[in-house]
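Asker: Got a structure for you, questions after.
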Amino acid sequence: MPKVAIVRTGKLKGNAEFLPPTAKFVRYEEDIQQVKAKIEETINLAVGGIDNIVKPGETVLIKPNLAFQAPPESYSVVDPRVIEGMVAFLKEKSKAKEVWVGDNPSLGQHVGRARPAFDAAGMRAAAERGGADRVIYFDEEELVEVEIPDAKLYRKAKVFKPFLDADRVINLPKMKAHLAGTVTLGLKNWNGIIPNEHPSKEQQDVHRIDLGQKFADLYRVRKADLTFVDGIIAMEGQGPHVGTPVEMNLFIAGTDTVAVDAVAAYVMGFETIEIAAVRIAATEGLGERDINKIEVVGTPIAEVRHFFKRPMIDPTGLIPGIHVVVQQTCPGCFANIRGGLDLFNVSGIDVKDFNEKVGDVYVLAGGVPDLIPEWVEGKHLFVAGDCWKYFPSRDKVEKAMSLAKSVTEYPGCAPVYIFAQLNGDLQALYNKELATAAD
Ligand code: SF4
């Protein structure tokens with residue numbers, strides 16, 4: 001029976017400033033000491049001590065969730081206190097030869113590069129303060145092509161070499177709700193072991209309704225030796241970009257990533273069967289998702305279970321004047337259009353003013369059998385994804401494109417980058433109108 005430990009971290013001094021309305025990360029030495037002690041307690045409970053995982057002279061890679069380029073107070077990335085605490089703990093208490101921290105962020109407002117993302121998240125500084133031997137910007141490293149036996153979709157992958165080179169890997173996700181994955185925890189954290197190739201290959205390939213299978217497949221490349229969830233300040237709702245923080249003050253850890261994800265998702269108020277990656281990985285024998293078949297040690301689940309706001313993925317009827325026509329789509333475009341509109345909604349632009357200056361906007365994806373192309377005449381049009389070309393409604397989309405005032409296409413399947421790009425392009429339209437009015 002797999003074992004998963006749940007440990008309360010206790011309140012940290014810096015949480016008061018870290019959370020809204022201040023929302024500013026402040027490092028206190030006493031917080032680092034408290035986090036380090038709680039990391040040790042969690043690992044002792046989960047596996048009986050770090051020596052049971054890390055043997056003398058081994059290299060250990062910490063693979064954090066550096067989701068995209070964002071500051072700590074975005075709550076999208078692993079808390080710098082946990083990075084520093086984990087590195088310092090391993091340096092002081094394990095017999096590791098070297099401790100590495102490495103990741104490759106996904107697409108964000110600035111198409112993901114590791115070096116600026118590590119800096120923005122405060123992760124490089126935290127790793128260095130903890131005494132890391134190497135901070136590894138995966139996208140600057142060599143790739144190794146690996147076959148993935150028994151994988152259903154991702155049968156081959158180019159994987160960053162340090163991920164394969166390390167003797168041990170600690171999977172360090174952040175507890176977050178997620179539009180496309182429902183939650184993002186240990187299994188989804190392997191998205192960072194493969195490169196970004198904009199717009200449609202590698203990291204964002206197989207990122208449609210088949211996202212769960214992708215992570216079950218990637219998990220087969222290499223299992224984590226320990227999965228350790230940062231649940232100090234979690235994220236609920238419209239994660240990973242515009243969710244809201246929840247102070248959970250928890251660590252959850254174990255050696256079976258599927259079981260850790262199952263327990264963490266359950267703690268977040270989800271049923272484990274709702275999480276595609278967990279469901280598929282468990283069904284394929286990669287781990288345990290049945291809460292009753294997992295030995296939960298430390299704090300009982302019932303004492304910490306909190307029902308997170310669920311992510312809403314439907315982009316239709318969200319913003320007046322921004323018409324989303326999606327009749328035959330999968331979540332690859334559906335959820336990511338929603339993500340783009342969620343970001344636009346918090347951009348500070350007044351929607352009424354946007355409507356007056358820019359006029360109606362149309363966003364299309366997939367098959368749109370009931371589209372009337374004339375709706376789009378003289379309007380700005382955004383067309384997401386590749387598959388609209390393969391539906392019988394292709395002619396309607398092409399006619400709409402010929403009638404539109406402007407056309408912006410987002411190629412790819414899935415075009416995950418529209419999360420950031422659609423928001424940026426809507427803002428650019430507005431700013432252009434403002435600049436024209438000012439001339
Ligand atoms: S292009 Fe089509 S199949 Fe691909 S992600 Fe978009 S809706 Fe799904």
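Asker: Can you name the number of the only condition in (1) over 30 Å from residue 259 (Cβ atoms); (2) crowded, with 17+ Cβ neighbours inside 10 Å; (3) not aromatic (Phe, Trp, Tyr) that residue 318 fails?
Answerer: Result: residue 318 fails condition (2) only.
Asker: Further question on the same structure: Of the residues in region 389-425, how many are of a type outside the set (Gly, Ala, Ser), farther than 20 Å from residue 341 by Cα and within 14 Å of the ligand (Cβ to nearest atom)?
Answerer: Going residue by residue through region 389-425, those that are of a type outside the set (Gly, Ala, Ser) are 389-392, 394-399, 401, 403, 405, 407-411, 413, 415-419, 421-423, 425.
Next, only the ones that are farther than 20 Å from residue 341 by Cα stay: 389-392, 394-399, 401, 403, 405.
Of the ones still in play, those that are also within 14 Å of the ligand (Cβ to nearest atom) are 389-391, 394, 397.
The total comes to 5.
Asker: Output the residues belonging to region 1-45 that are surrounded by 14 or more Cβ atoms within 10 Å (Cβ to Cβ) and of a type in the set (Gly, Ala, Ser).
Answerer: Within region 1-45, 5, 14, 23, 37 qualify.
Asker: Just one of 226, 286 is out of contact with any Leu (no Cβ under 8 Å at 6 or more places or on another chain) and buried (at least 24 other Cβ atoms within 10 Å of the Cβ); which is it?
Answerer: None of the others qualify; the one that does is 226.
Asker: In addition: Is there any pair with a first residue in region 328-348 that is without any contact (Cβ under 8 Å) to a residue 60 or more places away in the chain and within 13 Å of the ligand (Cβ to nearest atom) and a second that is outside any helix (DSSP H, G or I) and not hydrophobic (A, V, I, L, M, F, W, C) whose Cβ atoms are under 6 Å apart and which are 6 or more apart or on different chains, and what are they?
Answerer: That search, which allows pairs on different chains as well, returns 329/366.
Asker: Still on this model: Every residue in region 400-419 that is over 17 Å from residue 208 (Cα atoms) and in contact with a His (Cβ under 9 Å, 6 or more places away or on another chain), please.
Answerer: Listed by number, the residues that qualify are 404, 405, 406, 407, 408.
Asker: Condition first: β-branched (Val, Ile, Thr), in contact with a strand residue (DSSP E or B) (Cβ under 6 Å, 6 or more places away or on another chain) and buried (at least 24 other Cβ atoms within 10 Å of the Cβ). Now tell me which residues in region 234-258 satisfy that.
Answerer: Matches in region 234-258: 252, 257.
Each value in this text was obtained by applying a stated rule to the coordinates, not by laboratory testing. All figures in this text were calculated on a predicted structure; none of them were measured in a lab. Here Cβ is always computed from backbone atoms with ideal geometry, including for glycine, and neighbour counts include all displayed protein chains.
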